[in-house]
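*Asks:* Please see the structure below; I have some questions.
The values are calculated or read from the model by the stated rules, or taken from the named source; none is laboratory data. Note that the structure is a prediction, hence the values are computed from the model and not measured. Ideal geometry is used to build each Cβ from the backbone, glycine not excepted, and the neighbour counts take in all protein chains shown. Surface accessibility is based on the protein's heavy atoms, side chains included, excluding ligands, DNA and RNA. Shrake-Rupley method; radii C 1.70, N 1.55, O 1.52, S 1.80 Å.
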Amino acid sequence: MSYNKPLPYPDPESRPFWEGAHTHKFLIVRCANCGTHRFPATSFCFHCQSPDFTWVEAKGTGKVFSWIVVRHPVPKDIYADEVPYIVALVTLDEGVRVTGNIVDCAPEAVAADMPVKVGFKDVTSEISLPVFSPVRQ
């Protein structure tokens, strides 16, 4: 499998997320004390400051909060064949906001509050990237 774009480098804090993505699960952190969800993983809960948490599978659905359409690739030699593409900030149903590409959608069709669902693009034998696509109603 050949993939010539930059890849994430899982560190100790993000490794559970990337291991989940590899099995096509979108994992987020839930505080063991107050139940607040957060993403990305941090060492303490921003709501109650507890250091205790567990990784849980998100539903994988949400709504577009904001987005940009990339028309000028940087670096050009890596992304020239991809433009235009959509990078969005998505509010998951659990309340956390995550960034990702929106696929299977024309740039002019993206709208605020557009329902989306997560999918995964297997780019190497170890890395699967989450992407979002519109929920057709």
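*Asks:* Please compute the per residue accessible area over the chain with all protein chains in place, 1.4 Å probe, rounded to a whole number of Å².
*Replies:* On a per-residue basis, 61 Å².
*Asks:* On to the next question. How large is ³J(HN,Hα), in whole Hz, for each residue of segment 29-44 in order, when computed from phi with the Karplus curve 6.51 cos²θ - 1.76 cosθ + 1.60 and θ = phi - 60°, using x for Gly and Pro?
*Replies:* 9, 10, 4, 6, 8, 10, x, 5, 7, 8, 7, x, 4, 10, 6, 8
*Asks:* Classify segment 77-137 as rounded, prolate or oblate, taking a ≥ b ≥ c as the square roots of the eigenvalues of its Cα gyration tensor: rounded when a/c is under 1.5, otherwise prolate if a/b is larger than b/c and oblate if not.
*Replies:* oblate
*Asks:* Quick check: at a probe of 1.4 Å, how many percent of the accessible area of the chain sits on carbon and sulfur atoms?
*Replies:* 53 percent
*Asks:* Among residues other than P84 whose Cβ falls under 11 Å from its Cβ, what is the net charge (Lys/Arg +1, Asp/Glu -1)?
*Replies:* -1
*Asks:* Using modelled amide H (1.01 Å from N, peptide plane; none on Pro or chain starts), what sits under 5 Å from the amide H of V103, excluding residues fewer than 5 places away?
*Replies:* Long-range HN contacts for V103: F132, S133.
*Asks:* Another question, then. Å³ per residue of the Cα convex hull, for segment 1-102?
*Replies:* Expressed per residue, the convex hull around the Cα atoms of segment 1-102 is 122 Å³.
*Asks:* Could you point to the residue in L27, V74, P6 farthest towards the positive end of the chain's charge dipole, with +1 and -1 charges on the Cβ of Lys/Arg and Asp/Glu respectively?
*Replies:* L27
*Asks:* In addition: If you count, for each residue, the other Cβ atoms within 10 Å and average over each peptide, how do 20-29, 51-60 line up from highest to lowest?
*Replies:* Sorting 20-29, 51-60 by mean packing, highest first, produces 20-29, 51-60.
*Asks:* Just give me a number: lysine pairs in the chain, eight or more positions apart or cross-chain, with C-alpha atoms less than 17 Å apart.
*Replies:* 7
*Asks:* Now, a different point. Relative contact order, percent, of the chain when contacts are C-alpha pairs under 8 Å separated by at least 6 residues?
*Replies:* After rounding, I find 23 percent.
*Asks:* Continuing with this model, one more query. What residues qualify as long-range amide H neighbours of F26, i.e. H under 5 Å apart, gap of 5 or more or another chain, H built at 1.01 Å from N?
*Replies:* The answer is A58.
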